[in-house]
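Reviewing the structure listed below.
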Amino acid sequence: MTLVCRKKPRPAGRDDAVSPVVGVMLMLVVTIIIAAVVSSFASGVGGSREKAPVTSLKFDIRAGETSSIDIIDKGTVVHIENVGGETLYTRDLQIVTTYTVPKTYGGTTLTNAGRIIKHTTDGSLTPGGENAWDKNADPFIPQISNEDMAVVMGPGGTQERKFGEVHLRPGGMLNLEKNAFLGFNTTDRETFGFKEGSAVQITVIHKPSGKFIYDKEVVVRW
């Protein structure tokens, strides 16, 4: 007996190569879509962000007050100097200060020891006077500066202008009222323990770019 092996005929219209080709095409399409989405997202983010200004800042905070009639020398203000670089538009800046109440002051244990006071100075000048440090706001929560906070400009004359209206040019200096800048009454030492040697962490954020242009701990001088 002779065995004959016959190949089973393939059904009409069937093509074994179709599935691999379709799979490759689908993978290619998905890859192209993902690449397009990533490219669109990247260009969108890049296009919506400005570059942060390149500027060197210097902060000076004093604990004491002198009897000088010149407000710049009194120690009642925080000095901010643009040491060099580009002009800063204060309306674009957000300044965050962080101060931790010490355990003691003058040998007396403070009831607020260890609590953190975080305050925000925002160039948008909102929400207004009702949230000022010396009115109704809790000093232990983040705050937005009130629109009454003035800036004393000098040299070349003294001008009081709102924070968000000031252009801080290279070599220029502005002064912010100290209590409003830090968010608490610095002269109430038995409550907050603010003194020479205290440390304040200062972070300056350029809002249009979202970049930090200053982030340092400033030691308070007398």
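The values are calculated or read from the model by the stated rules, or taken from the named source; none is laboratory data. Predicted model only: the values in this text are computed from it and were never measured. Methodologically, a virtual Cβ is constructed for each residue, glycine included, from the backbone with ideal geometry; neighbour enumeration extends over all protein chains shown.
Quick notes
Quick grid of which residues meet (1) at negative phi; (2) under 18 Å from the mean Cα position of the chain (by Cα); (3) in the same structural domain as N175 (by TED's automatic domain parsing); (4) at pLDDT below 50:
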residue	(1), (2), (3), (4)
H79	yes, no, yes, no
R91	yes, yes, yes, no
D148	yes, no, yes, yes
G156	no, no, yes, no
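- Neighbours by Cβ (under 6 Å, 6+ apart or cross-chain): first from the range 196-211, assigned by TED's automatic domain parsing to the domain that holds I80; second acidic (D, E) and exposed (fewer than 15 other Cβ atoms within 10 Å of the Cβ): A199/E217; Q201/E217; T203/D215; P208/E50; S209/E50
- Every listed requirement among (1) in a loop (DSSP other than H, G, I, E, B); (2) more than 17 Å from T187 (Cβ to Cβ); (3) at pLDDT below 50 is met by K135 save one, (2).
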